[in-house]
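J.: Mind looking over this structure? Questions follow.
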Amino acid sequence: MVIVDKTEVLSQEERRLQEDRDRKKYWKKWGPYVAERQWSTVREDYSADGNAWSHFTYDMARSRTFRWGEDGIAGVSDSHGRLNIAFSFWNEKDDHIKERLFGLSNPQGVHGESIKEAHFHLDNTPTHSYMKYLYKLPQAAFPYEDLIKENAKRSKKEREYNLIDTGIFDKSKYWDCFIETAKEDDDPEELLFRVTCYNRGSEPAKLHVIPQVWFRNTWAWGYDATKPSITRTGESSAQIKHKELGERFFQCSPSPNSCGKDDDIEPEFLFTENDTNYEDLWGTKNKEKYVKDAFHQRIVHGNKKAVNPQQTGTKSCAWYPFNQGDGVAPGECAVVRFRITKKQTDAYLDEERFDDIMDQRAAEADEFYWKINPMPMADDLRMIQRQALSGMMWCKQYYHFIWDQWANGDPAMPPPPASRKQIRNVQWKHMYLDDVLSMPDSWEYPFFAAWDSAFHCIPLAMIDPEFAKKQLDLFTREWYMHPNGQLPAYEWNFGDVNPPVHAWATFRTFKIERKMYGREDLDFLERVFQKLLLNFTWWCNRKDFDGKNVFEGGFLGLDNIGLFNRSDPLPTGGTLEQADATGWMAFYALSMLNIALELAKHRRIYEDIASKFFEHFILISDAMSYRHGDKTKSLWNEEDGFYYDAISWGPEWTHQMKVRSLVGLIPMYATLTLEPQVIARFPQFKKRMDWFINNRHEVAGRNIASMKRRGKDDRLLLSLCSEDRLRSILKYMLDPNEFLGDNGIRSLSKFHKDHPVSMDVNGQNYSVSYIPGDSDSGLFGGNSNWRGPIWIAVNFLLVESLLRFYMFYGNTFKVECPTGSGDYMHLGHVAEEIQHRLQHLMAKGDGGRRAIHDGNDMLDFDPNWKDYLWFYEFFDGDSGRGLGASHQTGWTGLMAKMIHDTGMNCRLPQTPRTPASAAAHYFDDVFSRQRRASLGARRPTGLARSMTNNRSIGSRSDWGPSTNTSRRPSTAAGTDPEIADGDADDDANDAKNDATAKTNGNAAVTGQGISRQWSIYKEEPATNGKNNGVEHHGEEISEQDEAINRYVQDQLARLKKQESNELSEEISAQNDGVDEKEV
């Protein structure tokens, strides 16, 4: 929201969100909830051996009915997946209609399952009032066999063979199919669809556009035989009837003829049943005369008998053939419009009004996303952020699963093999899932993953905190969480163990909503916290092998990062004591401590619980170094100065595995600063903390957390890493020959490229070496890639950790960054440097290239490709090349949050220069006690407000002074208008609000130098003891401050004027309808 003259100004999309939140209108009832892949999922697997990939294949999906969901291209459905709308195309070259996205199964792929398409999630609002999707359809025959055979030839040491590698898009012989969906302004049940297909080739081409409307099959399984129906009712419409959804209509419009003819192209309605074609698949008799693949038979093979001549069924389509003459001319487009409506009419659609509605929803989407980030920034970064957030919306999916029915089979179907009950998830009999969930990737991972979902909620909270909170809440509900307190991991193995990030994400979501939207949902915070108490207890009881506060963890999402499969028993015997598992648990304890202190502000009983988590953290912290009172058996290696996993065979025998990986960086996550005001506010917590320090001095005295030393603004630091250990870890982390890549922090040190770690066990060799890209082994299905690549999520947490350390140490703690460069930065600079390296994975460099494209000219420079982005799962540790799933806006969507926080001045590659004044609009606290005292006790309001004092957005960093006097001063900074609310806060990005060095509120600020030309951290040398140029920079700042102030004021004035005009029009319209006598 925007506050103007103490009045809340909402965009149209925010109004819709408010109506949905207040349950006045159900704006989220219809959305992009159709999966992009339902075939070969665990839920559709009824095999005896649990081989989901072969049991239900891509080719089967045309003819075989799904049991638990549906899939399609740019699919839309209701929130329970009953009625589905999606799009299909035919180029007259393929042997079947393109109605779902193609990819290789796990056994077929070089590096596991892999989509082989070109599609992009371009736009989507939180209420799905406007959605835009791009599918690129080749005009030549789709190279299905070529993709399968070529990938089969390649070894795991080679790159995948993708669709763009086949040459199918050479000479631009393809269709750009833009698919748009909009909702009426006053009715969320009225859905409008427009498909615009451009011929990008140099010759005419033929195209068939075939929108499909169908019901998920709920009647064939023996529970409820009531069948819905879709029946032709008029020349341009069909009636849709469902006992729960009621009645509505599939209404189509003739399309303008783009094939050089005068007559319009009329759609032909086709009807069939969404039932399996048993005869084609298995040679047995069909249960229905008309079956699922009828449209392929009719359109591609000309079989008119395949469709129902009575023009009724549970599946229908409108067939638009743009194939007259030579087809659509080069550069021209074919356009299809239709709607799903509750209003019955035989009249054709009003195309002008239809397009006006589309354009208005698109304009409202522009307004909404501008208000999410109203500060000026590069258009390229704004586009990246919007596509990231839109991708988060497109990756929503209806997810249905009932363990009892899945395991035991359905009454009307043959019983499944008895053996399948024991194959997977046998302990999760309570699961009954029927929800819209955020998926990691809409094709490659069309199932939830617990720790992915937690990261999803950070960018989701920026645009739709209600949905983000619901996601976090759902995983703790009794139909998800196991009765013993474990959170389900993912459908391949619900019992696997993911890192415990749920508490962190819960508090971050709470805080983002509080700052951006001015709402404190304490009920949400308390409800999830209470359930997480169960989960924390489960961790302590199940994953702390012998009660030493050192955790073996297991899988923990990092798949193949170690020597051994972490989910299986060790081939060496003994127990794997994991530095990262113990670090995660310390991080979990501090996250719970943070929430408890927040809740204690409102209910004092949470003070005791906060004390409990404080003690948990101290004991875990101590155990990492003194597991048996013997330092030599620590997970910390004094000689190397790094944390390693260890194999334990009991108290007397341990062996460290010296692999430098994220395992040794994750202990940095467990960091929290305690504000003195918070400690003073809770006397019982302070009393217990003091007692622990004084009476357990044998623990507190050697504890690596800073228990007695006070830091900046009299803060206390709780951390697994002492100052010395932090310096040692950072020396490795910031070394380009170890962890620091051009585009972020690698998951495994590059040191192991030439120095692999290996171990022989019973004649078998286990080894780990640096692999910057795709995995070269078949471990975890060949799709596990933690031995070198860059992952956004773990980098995001590292950045937050550095900022929390900066809150305690301030400008006095400096490290060499990069290691060996001679440039020293404090941790605020270091965090900013990493964030901008990450952003330039996707942002254009000096030559217009994006690192993710790996030098591909078409992707970087072709006007029909260069602004459409894939959000990859992970990135090459050396080049930044995008790898893995291509639509992983799940946790790669965190890019949107980083741009939101620091992208305002991120223009050139690796030139971090973000004003803290921008961050002040988005986060809770100012961390300077002096500034807090001078500003008083005002509380923050919503997202953006008219600013009274703004700093420059010029080429500089607001992090503070450099110690390198060989560099010239950057521009000055003013005072920060933001205020504090006294939180105990683990929102590390808040640290930026205190990162600016000031003298009388307007002094020159010089940034730390980095070893690149055109660095904004460079300083000019002083002359005669004076800093030449300060006055000049001061004038520059004044001009820049004035410019940004004018910009924001103009935008706020525009919003206010728009609001006033809308109100005037509404009053005028009301007056027009009032009888003169009544007046």
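J.: Computed FRET efficiency, Cβ-Cβ of Lys261 and Asp350, R0 25 Å: what is it to the nearest 0.05? Intermediate results must be reported in sequence, preceding the final value.
T.: Details: r = 23 Å, r/R0 = 0.92.
Efficiency at R0 = 25 Å is approximately 0.60.
J.: Here's a follow-up. Show me the three semi-axes of the equivalent ellipsoid for the range 1-115, from the C-alpha gyration tensor (sqrt of 5 times each eigenvalue), largest first, rounded to whole Å. It would help to have the intermediate numbers written out before the result.
T.: Numbers: eigenvalues 303, 57, 45 Å².
Over the Cα atoms of the range 1-115, the ellipsoid semi-axes are 39, 17, 15 Å.
J.: Then there's this: Sorted by mean Cβ packing within 10 Å, highest first, what order do the peptides 743-750, 428-435, 588-595 take?
T.: Values: 743-750: 25.6, 428-435: 16.0, 588-595: 27.1.
Per-residue mean Cβ counts within 10 Å order the peptides as 588-595, 743-750, 428-435.
J.: Determine, for each peptide in 243-250, 277-284, the mean count of other beta carbons within 10 angstrom over its residues, then list the peptides with the highest first.
T.: Working: 243-250: 15.8, 277-284: 13.8.
Peptide ranking by packing, descending: 243-250, 277-284.
J.: So, one more: From the convex hull of the Cα coordinates of the range 305-436, what is the mean projected area in square nanometres?
T.: Details: hull surface 69.7 nm².
Average of the hull's projected areas for the range 305-436 equals 17.4 nm².
J.: How big is the C-alpha Rg of the range 820-890 next to the rule-of-thumb value 2.2 N^0.38 Å, as a ratio? Numbers along the way, then the final one.
T.: Values: Rg = 14.2 Å, N = 71, 2.2 N^0.38 = 11.1 Å.
Expressed relative to 2.2 N^0.38 Å, the Cα Rg reads 1.28.
J.: So if I restrict to the alpha-carbon atoms in the range 765-879, what is the Rg, and what is Dmax, the biggest pairwise distance, in Å?
T.: 17.4, 50
J.: When the expected Rg is taken as 2.2 N^0.38 Å, what fraction or multiple of it is the alpha-carbon Rg of the range 31-374? Display every interim value, and only then the final one.
T.: Values: Rg = 20.1 Å, N = 344, 2.2 N^0.38 = 20.2 Å.
That works out to 0.99 for the range 31-374.
J.: Sort 215-224, 25-34 by the packing proxy (mean of other Cβ within 10 Å over each peptide's residues), most packed first.
T.: On the way: 215-224: 17.5, 25-34: 22.2.
Averaged packing, sorted descending, gives the order 25-34, 215-224.
J.: Take the range 310-353, drop everything but the C-alpha atoms, weight them equally and run the Debye formula without solvent; then report log10 I(q)/I(0) at 0.27, 0.29 Å⁻¹ to two decimals.
T.: Treating every Cα as an identical point scatterer, log10 I(q)/I(0) equals -1.16, -1.20.
J.: Under a 5 Å amide H to amide H cut-off, with H placed in plane at 1.01 Å, what residues pair with Phe269 once short-range neighbours are removed?
T.: Trp319
J.: Return the long-range amide H neighbours of Lys396 (sequence gap of 5 or more, or a different chain), with a cut-off of under 5 Å between placed amide H atoms.
T.: When sequence neighbours closer than 5 places are left aside, the close amide H contacts are Met439.
J.: While we're here: Let me spell out the model: positive unit charges on the Cβ of Lys and Arg, negative unit charges on the Cβ of Asp and Glu, origin at the Cα centre of the range 313-386. What dipole size does that give, in debye rounded to 20? The partial results should precede the final answer.
T.: Values: 10 positive and 14 negative charges, 113 e Å.
The calculation lands at about 540 debye.
We did not get these values from a lab; they are worked out from the coordinates using the rules stated. Nothing here was measured: the structure is a model prediction, and the numbers come from that model. Glycine also receives a Cβ, built like all others from the backbone with ideal geometry; neighbour counts cover every protein chain displayed.
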